[in-house]
Amino acid sequence: GSRWHLAGMTALVTGGTRGIGYAVVEELAHLGAVVHTCSRNEMELNQRLQEWSAKGFIVTGSVCDASSPTQRQQLIEKVSSIFTGKLNILINNVGTNIKKPTMEYTAEEYSMIMSTNLESSYHMCQLAHPLLKASGLASIVFISSVAGLVHMSSGSIYGATKGAMNQLAKNLACEWAKDNIRVNSVAPWYINTSLVEHVLSDKQFLDKVASRTPLKRPGEANEVSSMVAFLCLPAASYITGQTIAVDGGFSVNGFP
Ligand code: NDP
């Protein structure tokens, strides 16, 4: 049945050339969706598009810095023209971090993290709303973090952006339910990607992560993309406004 397929659906995944975004592009395409993605690096983007084409996936891409308002506008114009004014799925995946004690952050760093993680997601929702509504059956997923649920050593600005994304999912879920748009947030704990390669390659830190995680390891990108894809399926038609941790049990582990 079509409950477990995305055939005939269109999707926009921001930041799809590496890590979680890459896995989400593949998962959605595998389930039958036609996907558009973006990143800042044209060479890497073109390489990914070739790989996906060779695998039989229908994926197109744009070079776009998601932290730029004008480039976001151009991205959605491109998506609108490719998908004829309709979009079923928006995945707000782009995110970045600078890890520091709070007293060391500059105003510029604050702006950069806020605009890349929160403002870009917020604006993408505004830009995509007419297309999502026009599709008649739509779903937005924010890639948040457990850092938006509990304190982590990842820095207070990052945590604030992710907490705000979780709340945004709740607000938009209620506001846009009438437009048949479901909105959810997925909150991963450490996942093996290029974003955290430098921290997880530190054996001592990796051991610390494992010791706090009931499943005793960091996650893989395809363990996040499966949840993201599920939330976009017709099978998830009654799930909206939720924040779902994909964290090996980290966020429920009060006392090991
Ligand atoms: P990666 O850095 O591995 O991949 C990020 C992807 O997004 C790349 O394709 C990158 O391409 C693209 N990207 C980054 N910045 C921009 C930008 N400004 N505009 C357009 N594209 C951009 O990150 P992850 O896959 O690890 O992270 C994805 C999301 O998951 C983030 O929101 C992150 O906060 C969240 N997350 C990750 C966790 C982890 O442990 N890995 C844990 C919890 C949450 P390019 O750089 O070429 O533009």
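Quick note: the coordinates plus some simple rules give every number you see, no bench work behind them. Source: prediction; values computed, not measured. For neighbour counting, all protein chains shown are included, and Cβ atoms are generated from backbone atoms with ideal geometry for every residue, glycine included.
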For SER139, SER68, SER237, which order do you get if you count the other beta carbons within 10 Å of each Cβ and list the fewest first? SER237, SER68, SER139
Identify the residues of segment 184-206 with backbone N under 19 Å of a label point that sits 7 angstrom from the Cα of ASN41 along the Cα-to-Cβ direction, or state none. 191-201
Using alpha-carbon pairs under 8 Å, 6+ residues apart, how would you state the relative contact order of segment 197-249 in percent? 39
Measure up LYS170/LYS208; LYS133/LYS170; LYS100/LYS203; LYS100/LYS170 against 22 Å on the Cα-Cα distance and list the ones that go over. LYS170/LYS208; LYS100/LYS170
With point charges of +1 on the Cβ of Lys and Arg and -1 on the Cβ of Asp and Glu, referenced to the Cα centre of the chain, which listed residue (PHE230, VAL35, PHE250) lies farthest in the positive direction of the dipole? PHE230
Output the relative contact order of segment 1-85, whole-number percent, from Cα pairs under 8 angstrom with separation of 6+ residues. 25
Rank the residues TRP4, TRP176, TRP189 as a footprinting-exposure proxy: fewest other Cβ atoms within 10 Å of their Cβ go first. TRP4, TRP176, TRP189
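How large is the direction-averaged shadow of the alpha-carbon convex hull of segment 1-152, in nm²? Write down the numbers at each step before the final one.
Values: hull surface 40.2 nm².
Quarter of the Cα hull surface area: 10.0 nm².
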Rounded tilt (10° steps) of 156-175 against the dominant C-alpha axis of the chain: 40
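If you average the sequence gap of Cα pairs under 8 Å that are 6 or more apart and divide by the length of the chain, what percent do you get for the contact order?
Once divided by the residue count of the chain, the mean separation gives 20 percent.
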With 10 angstrom as the radius, rank THR161, THR37, THR116 by how many other C-beta atoms surround their C-beta, starting from the fewest. THR116, THR161, THR37
Between 0 and 90°, nearest 10: helix 19-30 axis offset from the chain longest Cα axis: 30
Length gained when the stretch SER81-ILE98 is fully extended (0.36 nm per residue, less Cα-Cα span): 2.6 nm
Give, to the nearest whole percent, the P(r) tail of the chain beyond 32 angstrom, counting all Cα pairs. 17
For segment 191-255, which GluC sites (Glu not before Pro) are both in a DSSP coil and crowded by at most 16 other Cβ atoms within 10 Å? GLU220
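How big is the dipole moment of the chain about its Cα centre under a simple scheme where the beta carbon of each Lys and Arg is +1, that of each Asp and Glu is -1, and everything else is neutral? Debye, nearest 20, please. Don't jump to the answer; show the numbers that get you there.
Values: 20 positive and 19 negative charges, 102 e Å.
Here the size comes out at about 500 debye.
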